[in-house]
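Take a look at the structure set out below.
The values are calculated or read from the model by the stated rules, or taken from the named source; none is laboratory data. What you see is a predicted model, and the numbers here were worked out from it, not measured in a lab. Cβ placement follows ideal geometry from the backbone for every residue including glycine, while neighbour counts extend to all protein chains displayed. Calculation scope for accessible area: heavy atoms of the full protein, side chains included, ligands and nucleic acids excluded. Shrake-Rupley method; radii C 1.70, N 1.55, O 1.52, S 1.80 Å.
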Amino acid sequence: MKMKKTIFIATALLLASSTAFAGKMAMPSDAPASYEAECASCHMAYPPALLSQQSWKNVMSGLAKHFGTDASVDPKTQAEITSWLVKNAATRQKYSETAPENRISKTSWFIRKHDEIKPDVWKRAGIKSAANCGACHIDAAKGNFSENNIKIPAK
């Protein structure tokens, strides 16, 4: 009886910790200043673990046509950011697919996690697109995408 109780408590703690971890993806502490300066000047600085190594290579090799914008940087900065992104890219299988169109929002895990969001919600002025994580995930800038910290803008 005592063994069953111990197993039950251990299982409960494991499940609770895995659920708490599921929404957290902290920015690595060794982020180069160029990542924040260049990438976060237009959108949030996405945690590198949201995409695979190949996806980051694809993104960084296409900066001249970066989602409709010329986001080109000098070769040294491009190499520095690319190296850091690849080093810290997704290692968990669910994030490691090559992203269609190099978009986080087109990955199967993203679609699965957001499947209840109606298409018109993404178009709200307070959201604008699925790429604007911080519009709904209050602590997205801290790497916290927990479903417990969501506030979807009404407009």
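Structural remarks
- Placing pseudo-labels 7 Å out from each Cα toward the beta carbon at residue 41 and residue 115 gives an inter-label distance of 4.0 nm.
- Counting only protein heavy atoms and a probe of 1.4 Å, the accessible surface of the chain is 58% carbon and sulfur.
- Answer label for Rg and Dmax of the Cα atoms in Å (calculated), chosen among [x] 16.2, 52; [y] 17.9, 66; [z] 16.8, 62: [y]
- Rolling a 1.4 Å probe over the protein chains gives residue 36 an accessible area of about 120 Å².
- When nucleic acids and ligands are ignored and a 1.4 Å probe is applied, residue 27 ends up with an accessible area of around 60 Å².
- Degrees separating the helix 75-87 axis from the principal Cα axis of the chain, which is the longest one: 20
- The chain: calculated mean residue ellipticity at 222 nm from DSSP helix runs of at least 4, using -39500 (n - 2.57): -10000 deg cm²/dmol
- Heavy atoms of the protein chains alone define the surface here; on that basis the stretch 55-136 has 61 Å² accessible area per residue at 1.4 Å probe size.
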